[in-house]
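Values in this text are rule-based calculations from the coordinates and carry no lab data. Note that this is a predicted model, so its numbers are computed, not measured. Please note: Cβ atoms are built from the backbone with ideal geometry, for glycine as well, and neighbour counts cover all protein chains shown.
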Amino acid sequence: MATILLTGGAGYIGSHTCVALAQAGHRPVILDDFSNAAEDVPDRLAHLLGSTPEVWRGSVLDAELLARLFATHDIAVVMHFAALKAVGVSMQRPLDYARTNLGGLMTLLEAMRTASVHRLVYSSSAMVYGLPETIPIPEDAPTGFANPYGYTKLAGEQLLEQLAASDPRWAFGILRYFNPVGAHASGLIGEDPADIPNNLMPYIARVATGELPHLQVFGDDYPTPDGTGIRDYIHVEDLAEGHVLSLQSLMRTGQGHLLNLGTGQGRSVLEVLAAYGRACGRTLPHVIAPRRPGDVPILCADPTRAAELLGFRARRSLDDMCASSWRWITRRQGD
Ligand code: UFG
């Protein structure tokens, strides 16, 4: 049983990965400052796992805390989820994004180097493809960024590449997420934005509960079949399983990899809205609004490399994504 440190392990993707890791026989240790995670996530994880995971409350920028954590645990691999991720906010606060996302990664890597822990799974993003020229997007497509958030994710990848080239003991699983949505099948953990959601599915969920009147569809004049933006939505439980496969590959081979995690299937805003309507049992209202600045028409992964290298295949459908989201939202409201 290997001990795995999950920074940001109480957050949306971290908490689902924590469950998948424990189910695969590993021992997760969570470090989280709870700046974007609910306080009751550890209890919910305990309910799911049968025992409370070890949780350290603190920041990846706290070098002293990291030193203590590594000194007292035999960490085999680190999974680094802790980061800021609001694209719009990053445009107003580029320095905060650099400090947390790049500074956090550097502080963590320094602590790992001191502790002789050299394996890390890194949360990257399809954002690093900037304005993609080829759809579906293979990993060797040109990279770029359109906002400070994308910059921090790409710069983080590049730092890891330089580090791996400097010392063969380092091995990194760089995972470029497409659009993670949905919730754990139990309805016990899921995505929980504190404010009005920016992202599509959490926003639709609030329309479904009646907290928001309608979805604003940002543009219906894109060059897509129904005119609305297309994304590669991936169920968060599939994404979590991809992390476990990445970890197992790192542990088995000692070799790093850089992979897309997506389904390879693009879905439009209106398709997602209709699917959520099926999940909650009523047609959900929408209005057509102007395009959102910075949006690209289509983002869709070429998932071939993850399939070949890890045997990874996203198994869950768009209906599964919506049904699990709705189960989580309604169950939480009943708690
Ligand atoms: N959309 C709407 N109305 C809304 C919200 C979104 O029409 O209220 C549309 C967007 O225009 C886009 C699609 O729904 O066409 C998806 O938008 P999201 O905000 O859910 O997701 P993005 O693709 O813009 O960005 C997300 C994450 C990023 C990540 C990226 C990778 O926010 O962090 O996916 O693809 F990097």
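Among ILE189, ILE135, what is the fewest-to-most ranking by other Cβ atoms within 10 Å? Mind showing how you got there, number by number?
Working: ILE189 24, ILE135 17.
So the ranking, lowest neighbour count to highest, is ILE135, ILE189.
So for the range 73-114, considering every pair of alpha-carbon atoms, how many percent are separated by more than 11 Å?
On the way: 593 of 861 pairs.
In whole percent, the long-distance tail amounts to 69.
Among LEU102, LEU154, LEU65, which one shows the highest mean-square fluctuation when the chain is modelled as a Gaussian network with alpha-carbon springs under 10 Å?
LEU65
Once you keep just the Cα pairs under 8 angstrom separated by 6 or more residues, what percentage relative contact order results for the range 53-109?
On the way: 27 pairs, mean separation 29.4, N = 57.
About 52 percent, as a whole number.
Run through every distinct alpha carbon pair of the range 255-335 and return the Kirkwood hydrodynamic radius in angstroms, one decimal place. Show your work: numbers first, answer last.
On the way: mean 1/r = 0.0650 Å⁻¹.
It works out to 15.4 Å.
To the nearest 20 debye, what is the magnitude of the charge dipole of the chain about its Cα centre, counting +1 on the Cβ of each Lys and Arg and -1 on the Cβ of each Asp and Glu? Could the numbers behind the result be given before it?
Details: 27 positive and 35 negative charges, 55 e Å.
Dipole size: approximately 260 debye.
Report, by chain and number, residues whose modeled amide H sits under 5 Å from the one on LEU258, excluding near sequence neighbours (fewer than 5 apart, same chain).
Hits under the 5 Å cutoff: ILE174.
What percent does the relative contact order of the chain come to when contacts are Cα pairs within less than 8 Å and at least six residues apart?
Values: 669 pairs, mean separation 61.8, N = 335.
Normalised by residue count, the contact order of the chain is 18 percent.
Looking at the range 146-224, which GluC sites (Glu not before Pro) are in a loop (DSSP not H, G, I, E or B) and have at most 12 other Cβ atoms within 10 Å? Mind dumping the intermediate values first?
Numbers: sites: GLU157, GLU161, GLU191, GLU211; in loops: GLU191, GLU211.
Sparse-neighbourhood loop GluC sites (Glu not before Pro): GLU211.
Shape call for the range 235-282 from the C-alpha gyration tensor, a ≥ b ≥ c root eigenvalues: rounded (a/c under 1.5), prolate (a/b greater than b/c) or oblate?
Values: a/c = 7.32, a/b = 2.79, b/c = 2.62.
In terms of gyration-tensor shape, prolate.
Can you give the longest run of the chain that contains no trypsin sites (Lys or Arg not before Pro) sitting in a DSSP loop with at most 16 other Cβ atoms inside 10 Å? Walk me through the numbers on the way to the answer.
Numbers: sites that count: ARG169, ARG282, ARG291, ARG313, ARG315.
Between exposed loop sites, the widest span is 1-168.
Kirkwood-based Rg over Rh for the chain (C-alpha set), two decimals?
Numbers: Rg = 19.1 Å, Rh = 20.2 Å.
On the Cα set of the chain, Rg over Rh gives 0.95.
Quick check: net charge around GLY229, other residues with Cβ under 12 Å of its Cβ, Lys/Arg +1 and Asp/Glu -1? Numbers along the way, then the final one.
Working: positive: ARG231, ARG267, ARG291, ARG292; negative: ASP220, ASP221, ASP226, ASP232, GLU271, ASP295.
Neighbour charge sum, excluding GLY229 itself: -2.
Once you charge only the Cβ atoms, +1 for Lys and Arg and -1 for Asp and Glu, what is the size of the charge dipole of the range 160-229 about its Cα centre, to the nearest 20 debye? Walk me through the numbers before you get to the answer.
Values: 3 positive and 9 negative charges, 53 e Å.
Magnitude of the dipole: close to 260 debye.
Under a Cβ-only charge scheme (Lys and Arg +1, Asp and Glu -1), can you give me the dipole magnitude of the range 255-335 about the Cα centre, in debye to the nearest 20? Walk me through the intermediate numbers first.
Details: 12 positive and 7 negative charges, 49 e Å.
Dipole magnitude for the range 255-335 comes out near 240 debye.
Viscosity 0.890 mPa s, temperature 25 °C: what is the translational diffusion coefficient of the range 55-139 from Stokes-Einstein with a Kirkwood Rh over Cα pairs, rounded to a whole number of µm²/s? Intermediate results must be reported in sequence, preceding the final value.
Numbers: Rh = 14.6 Å.
So the translational diffusion coefficient is about 168 µm²/s.
When DSSP beta bridges are limited to those with both residues in the chain, what percentage is antiparallel, rounded to the nearest 5?
Details: 2 of 41 bridges.
The answer is about 5 percent antiparallel.
Convert 20 °C to kelvin, take the viscosity as 1.002 mPa s, use the Kirkwood radius over C-alpha pairs of the range 164-228 as Rh, and evaluate the Stokes-Einstein diffusion coefficient in µm²/s, rounded to a whole number. Present the calculation step by step, with values, prior to reporting the outcome.
Values: Rh = 15.6 Å.
Translational diffusion coefficient: 138 µm²/s.
What is the pair-distance distribution P(r) of the range 161-316, computed from all Cα-Cα distances in 10 Å bins starting at 0, with each bin given as a whole percent?
10, 33, 31, 18, 7, 1
Gap in Å between the Cα centre of the range 192-232 and the Cα centre of the range 1-60?
29
Report the one residue of ALA185, ALA146, VAL89 whose Cα lies farthest in the direction of the positive end of the charge dipole of the chain (charges on C-beta: Lys and Arg +1, Asp and Glu -1; origin at the Cα centre).
So the residue we want is ALA185.
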